[in-house]
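Okay, structure first, notes after.
The values are calculated or read from the model by the stated rules, or taken from the named source; none is laboratory data. On a predicted model such as this, the values are computed, not experimentally measured, just so you know. Here the Cβ is made from the backbone with ideal geometry for all residues, glycine too, and neighbour counts use every protein chain on show.
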């Protein structure tokens, strides 16, 4: 069976009723499997991970975007994480025998449908980008350019949607695209000094000369009095998790602080965990040696 992984990011991490409705969308699709659902109060953002048969991808993704748009009002939404809309991003990742080309085609069809039937502006990114500069998500939406800036810029310069109207409604805009698998990974530091966090995030991210496959930002978590280094690892084989953790730990030590914990958001390849296990325990264990590992099982 050809499968696609959907990892939509929604701009609501506080209202469980909304997330329940989105999970209900998943459960209503034959053979679709809800793998993970995580809510983040501070970022006011939720990430849902789904595996879906290729024939049902467009219907499921469309329904989730529709549900989010009907239940999340971007006119009043606030949160730490950069965002464009109720469904901020809708990535499609090929699994099993599905090709990247098939995911690109699906994403374009989905973008057209969302723009036309829901009236939501759609920006295509990653492998689905129609222009080179939009391949990188940060060139579309970032910490300095979010929905507030998009409201006045949409329809001008680099902010003409690929599909849908050139106007922002209560659902905001949506970013859709086919991409490779990535790991969302956060490290928390025992400091509330955001300046330290920003220096560390800059030191490890590709854009500023750090790890080639790491994108990172720093956030101050006010209720916890700690700083979060938030990362996307776009190729965990080239930049293993343990190396990134050690780099952050070393950078933090220079400022007299240290990591207190780390977390993964969404699903993680077992290979990435085994690599870290082997590094710290100096072992040579392989996936096949893990009792609970079942090749091909989704």
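Side notes on the structure shown:
- Region 110-126 residues that are surrounded by fewer than 18 Cβ atoms within 10 Å (Cβ to Cβ), paired with ones that are part of a loop (DSSP other than H, G, I, E, B) and at pLDDT 95 or above (beta carbon under 7 Å, 6 or more apart): 119/164; 119/165; 119/169
- Odd one out for residue 192, checked against (1) under 26 Å from residue 100 (Cβ atoms); (2) surrounded by fewer than 16 Cβ atoms within 10 Å (Cβ to Cβ): (1)
- Residue within region 275-288 that is within 17 Å of residue 182 (Cβ to Cβ) and at pLDDT 90 or above present: yes
- Scanning region 249-275 for residues that are under 30 Å from residue 50 (Cβ atoms) and touching a residue at least 40 places away in the same chain (Cβ under 8 Å) turns up 261, 262, 263, 264, 265, 266, 267, 268, 269, 272.
- Scanning region 146-184 for residues that are assigned to a strand (DSSP E or B) and surrounded by fewer than 21 Cβ atoms within 10 Å (Cβ to Cβ) yields a total of 2.
- Residues within region 41-52 that are touching a strand residue (DSSP E or B) at 6+ places or on another chain (Cβ under 7 Å) and surrounded by 18 or more Cβ atoms within 10 Å (Cβ to Cβ), tallied: 8
- Which listed residue, of 97, 88, is in a loop (DSSP other than H, G, I, E, B), outside the structural domain of residue 245 (by TED's automatic domain parsing) and in contact (Cβ under 8 Å) with a residue 60 or more places away in the chain: 97
Conditions (1) at pLDDT 95 or above; (2) assigned to a loop (DSSP other than H, G, I, E, B), marked per residue:
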{"position": "1", "(1), (2)": "no, yes"}
{"position": "22", "(1), (2)": "yes, no"}
{"position": "25", "(1), (2)": "yes, no"}
{"position": "52", "(1), (2)": "yes, no"}
{"position": "70", "(1), (2)": "yes, no"}
{"position": "73", "(1), (2)": "yes, yes"}
{"position": "76", "(1), (2)": "yes, yes"}
{"position": "80", "(1), (2)": "no, yes"}
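Each row is one residue, and each column tells you yes or no for (1) within 24 Å of residue 41 (Cβ to Cβ); (2) modelled with pLDDT of 95 or more.
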site	(1), (2)
194	yes, yes
207	no, no
212	no, yes
216	yes, yes
221	yes, no
224	yes, no
228	yes, yes
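- Criterion: within 18 Å of the chain's Cα centre (by Cα) and surrounded by fewer than 18 Cβ atoms within 10 Å (Cβ to Cβ) - qualifying residue of 101, 38, 96: 38
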